[in-house]
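Below is one structure; the comments refer to it alone.
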Amino acid sequence: MSETSSRPDAMTVWMWLISLMIMSVLAKYLPVPYSLSIAVIFTIAFAQVLLAMTCFMNLLYEKWLVRIVIIFPALLFIGMTLTLIPDIVLKRG
């Protein structure tokens, strides 16, 4: 008997990553304020990171300890994003 895998195909994940990249590039041209377009770009980037981590690093199928280890860098990413957004939006420095 052959087992069927529930893991996503690498090509499908790659296509999603490419389409998300194109969406983040096109987000600059949205008719919205600059700060909102930056927030959209960061949100899309975070989605790309989650997709790459869960599919290519196989974190979706790992034990809970590995997921806990991932929380610390994720919190650092969120903290850095919240720290840098005012400088990017207000164009300081």
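Numbers at a glance
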{"item": "Matching residues, the range 16-36, being polar (S, T, N, Q) and modelled with pLDDT under 90", "result": "SER35"}
{"item": "ALA74 being surrounded by 11 or more Cβ atoms within 10 Å (Cβ to Cβ), part of a helix (DSSP H, G or I), modelled with pLDDT of 85 or more and of a type in the set (Gly, Ala, Ser)", "result": "no"}
{"item": "Any pair with Cβ under 6 angstrom, 6 or more apart, that starts in the range 16-27 at a residue that is under 8 Å from ILE41 (Cα atoms) and ends at one that is in a helix (DSSP H, G or I) and small (Gly, Ala, Ser)", "result": "ALA27/SER37"}
{"item": "Hits in the range 35-46 - residues which are open to solvent by 40 Å² or more (accessible area, probe 1.4 Å) and either acidic (Asp, Glu) or touching a residue at least 12 places away in the same chain (Cβ under 8 Å) (or both)", "result": "SER35, ALA39, VAL40, ILE41, PHE42, PHE46"}
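The values are calculated or read from the model by the stated rules, or taken from the named source; none is laboratory data. Fair warning: this is a prediction, and the values are worked out from it, not measured in the lab. Here Cβ is always computed from backbone atoms with ideal geometry, including for glycine, and neighbour counts include all displayed protein chains. Just the protein is used for accessible areas: all its heavy atoms, side chains included, with ligands, DNA and RNA removed. Shrake-Rupley method; radii C 1.70, N 1.55, O 1.52, S 1.80 Å.
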